[in-house]
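Let me begin by presenting the structure, written as structure tokens, before commenting on it.
The values are calculated or read from the model by the stated rules, or taken from the named source; none is laboratory data. In this text, all values refer to a predicted model and were calculated from it rather than measured experimentally. A quick note on method: Cβ atoms are made from the backbone with ideal geometry, for glycine too, and the neighbour counts reach across all protein chains shown.
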Amino acid sequence: MTNPSLLILPGDGIGPEVMTEVRKIIDWYGTRRDLPFDVTEDLVGGAAYDAHGTPLHDDTMAKAQAVDAVLLGAVGGPKYDTLDFSVKPERGLLRLRKEMDLFANLRPAQCFDALADFSSLKRDVVAGLDIMIVRELTSGVYFGEPRGIFEEGNERVGINTQRYTESEIDRVARSAFELAMRRNKKLCSMEKANVMESGVLWREVVDQVGKDYPEVALSHMYADAGAMQLCRWPKQFDVIVTDNLFGDLLSDAAAMLTGSLGMLPSASLGAPMENGRPKALYEPVHGSAPDIAGQGKANPIACILSFAMALRYSFDQGDEAARLEQAVEAVLAKGLRTADLLGEEGVAPVSTSEMGDAIVAALEASLQA
């Protein structure tokens with residue numbers, strides 16, 4: 001039996017630093033849980049441009065298509081701001097998403113109890129929050145045609161087209177229903193069926209897919225009302241599925257409920273491969289943070305939790321994913337904080353590597369529990 005395969009793409013800025021801590025976690029699972037991974041590492045973003053003149057080399061793309069999962073750090077930085085759009089670091093990430101056809105973006109918003117006071121909302125509103133937003137990632141208004149800036153009479157007009165096919169809605173809806181089945185069997189679909197024909201179709205297709213999942217309690221909500229409810233009482237939701245544009249907005253709003261972008265992982269999933277697992281790319285939500293790169297200040301938790309998502313969704317290791325998430329929670333409960341999480345008087349920040357070491361120690365302690 002072959003080991004599960006993982007391609008690591010540290011990228012730019014703080015990407016290599018946080019990925020170093022993830023490697024510690026991966027090594028621990030191999031030695032202490034008899035869960036070894038075949039890990040390869042390559043370049044993406046600015047690092048790839050510096051080496052190859054392109055943000056993603058064809059060989060790297062081929063590796064990404066061949067492995068069970070890809071784990072990415074971050075891309076970009078001011079060094080590359082003047083590059084042509086076609087070779088900017090972000091194009092490497094977009095190429096991965098497009099060519100792997102990663103149509104379902106999973107963005108969890110989980111508020112650890114120890115960090116509930118970091119949210120801009122009241123503790124009782126966010127403490128214990130654990131919701132998942134499933135965003136359609138490869139269609140909608142960001143990709144629809146026609147698009148562009150055109151001359152119309154004596155002025156210019158900007159045009160973007162919201163376009164969805166039934167099959168595009170169907171596949172992301174099924175991903176959300178499958179996820180709901182693994183959680184609390186509760187799904188809310190958000191669109192603007194009151195003013196947009198694409199929203200009408202979205203609702204009709206989601207309803208049709210829902211007939212295949214009678215155990216899941218399905219509800220619908222207009223996306224603007226959904227944004228309001230996320231701020232009013234987010235714990236009413238479990239899984240939310242929505243389109244590309246609304247998913248972009250709603251997932252960022254939900255992210256801030258938790259208090260820090262340094263805590264948030266994500267997964268982008270595609271169609272099942274021959275082994276039945278979906279093609280998958282996992283990455284922290286935070287950017288490359290070039291202002292603190294190389295200083296040991298970066299919070300590695302988002303990248304570590306992205307690996308936890310890989311354990312759950314790509315490697316069928318839900319119990320081990322939970323072990324890792326509980327280790328993170330235990331470390332935070334002890335009061336350890338990287339610089340982005342400071343807010344309590346008398347608490348000194350730990351470094352990136354110290355946080356990683358503490359989580360490994362918590363994993364080790366879990367074996368004695």
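Side notes on the structure shown:
- Only one of the listed residues (Val39, Val22, Val70) is β-branched (Val, Ile, Thr), out of contact with any strand residue (DSSP E or B) (no Cβ under 6 Å at 6 or more places or on another chain) and either buried (at least 21 other Cβ atoms within 10 Å of the Cβ) or under 28 Å from Glu320 (Cα atoms) (or both). That residue is Val22.
- Any hit, the range 115-133, residues being touching a helix residue (DSSP H, G or I) at 6+ places or on another chain (Cβ under 8 Å), of a type in the set (Ser, Thr, Tyr), closer than 26 Å to Ser189 by Cβ and not assigned by TED's automatic domain parsing to the domain that holds Lys192: yes
- Within the range 144-156, residues that are at positive phi reach partners that are in a strand (DSSP E or B) with beta carbons closer than 8 Å, at six or more positions or on different chains, in the pairs Gly148/Gly158; Gly148/Ile159.
- Yes/no for Arg91 being in the same structural domain as Asp12 (by TED's automatic domain parsing) and either at pLDDT 95 or above or among the basic types (Lys, Arg) (or both): yes
- Every residue from the range 88-113 that is farther than 20 Å from Ser306 by Cβ and buried (at least 16 other Cβ atoms within 10 Å of the Cβ): Lys88, Arg91
- Residues of the range 281-333 classified as part of a helix (DSSP H, G or I), of a type in the set (Gly, Ala, Ser), under 20 Å from the mean Cα position of the chain (by Cα) and surrounded by 18 or more Cβ atoms within 10 Å (Cβ to Cβ), total: 6
- Qualifying residue in the range 266-273 (condition: part of a loop (DSSP other than H, G, I, E, B) and touching a Lys or Arg at 6+ places or on another chain (Cβ under 7 Å)): yes
- Identity of the residue in the range 268-278, among the small types (Gly, Ala, Ser) and either surrounded by fewer than 22 Cβ atoms within 10 Å (Cβ to Cβ) or not assigned by TED's automatic domain parsing to the domain that holds Asn299 (or both), that ends up farthest from the chain's Cα centre (by Cα): Gly276
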